[in-house]
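Notes follow the structure.
Please treat every number below as a calculation from the coordinates, not as lab data. None of the values given here were measured: they were computed from a predicted structure. Heads up, the Cβs are rebuilt from the backbone with ideal geometry, glycines too, and the neighbour counts pull from every protein chain shown.
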Amino acid sequence: MENIPIDYGCRVKLYYSISLLNGTIVESTGNETPEEFTLGDGTFTENLERAIFGLKKTDYQKIEIEAREGFGFHDKSKVQCFKQSDFSKDIDLKEGLIIHFEDTNKNQLPGMITNINDSDVTVDFNHPLADQAIIFEVEILDVTANYNH
């Protein structure tokens, strides 16, 4: 069987972990259930996809990715203030709570409540790993070409 390099549109099966530079694992498949996706489908950020581009079945890679290349820098414009009355009374508003909002295209946008006062709720839509350099570790289990791509 051909050992093809990962390219856009390829079906990829891998184990991966994302950790902080101090070793704290943020997200991982472990060695139990691999992630399976098509490169370019949005499962990973564009920069994480670039990190595995060209790898082949059985390849292993562990790389440090700077904040700007991983999940970007904290953007103040992604911090929004809402009136408490904008939220359903069924929601127990508290700092640290992640709430999913919908944009105009019905895409889910997670936001974390960072502050609550008597009338307002501050929600941060930045990725939780913004401003963080990360270690991206992958083991490629299988790569299948997409001949329709």
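Please work out which option in [x] 11, 44, 37, 8, 0; [y] 10, 31, 29, 20, 8, 2, 0; [z] 11, 33, 28, 15, 7, 4, 1 gives P(r) over Cα pairs in 10 Å bins from 0, in percent calculated from these coordinates, and answer with its label.
After the calculation, the listed value that fits is [y].
In nm, what is the difference between 0.36 nm times the number of residues separating Thr104 and Glu46 and their Cα-Cα distance?
Working: separation 58, 0.36 × 58 = 20.88 nm, distance 2.26 nm.
18.6 nm is the gain from fully extending Thr104 to Glu46.
Using helices alone, what [θ] at 222 nm do you get for the chain, with -39,500 (n - 2.57) per DSSP H run of 4 or more residues, divided over all residues and rounded to the nearest 500? Intermediate results must be reported in sequence, preceding the final value.
Working: 1 runs with 7 residues, N = 149.
Only helices count here, giving -1000 deg cm²/dmol.
When Asp90, Asp131 are ordered from fewest to most other Cβ atoms inside 10 Å of their Cβ, what list results? Please list the in-between numbers first.
Numbers: Asp90 5, Asp131 14.
Final ranking by Cβ density, sparse to dense: Asp90, Asp131.
Quick check on the exposure proxy: order Tyr16, Tyr60 from fewest to most C-beta atoms within 10 angstrom.
Numbers: Tyr16 20, Tyr60 11.
Ordered from fewest to most neighbouring Cβ atoms within 10 Å, Tyr16, Tyr60 come out as Tyr60, Tyr16.
Structure shown: which of Lys83/Lys106; Lys78/Lys106; Lys56/Lys78 lie over 27 Å apart, alpha-carbon to alpha-carbon? Show your work: numbers first, answer last.
On the way: Lys83/Lys106 21 Å; Lys78/Lys106 18 Å; Lys56/Lys78 37 Å.
Checking Cα-Cα distances, Lys56/Lys78 exceed 27 Å.
Would you mind telling me which residue in Leu20, Leu109, Leu55 has the biggest mean-square fluctuation in a Gaussian network model of the chain, where springs connect alpha carbons within a distance under 10 angstrom?
Leu109
Just to verify a number: FRET efficiency for Thr24 and Asp120, C-beta to C-beta distance, R0 = 25 Å, to 0.05? Before the final figure, lay out the partial values.
On the way: r = 32 Å, r/R0 = 1.28.
Result of the calculation: an efficiency of 0.20.
Order these by the 10 Å Cβ neighbour count, fewest first: Cys81, Cys10. If you can, show how the numbers build up before the last one.
On the way: Cys81 11, Cys10 20.
By the 10 Å Cβ count, ascending, the order reads Cys81, Cys10.
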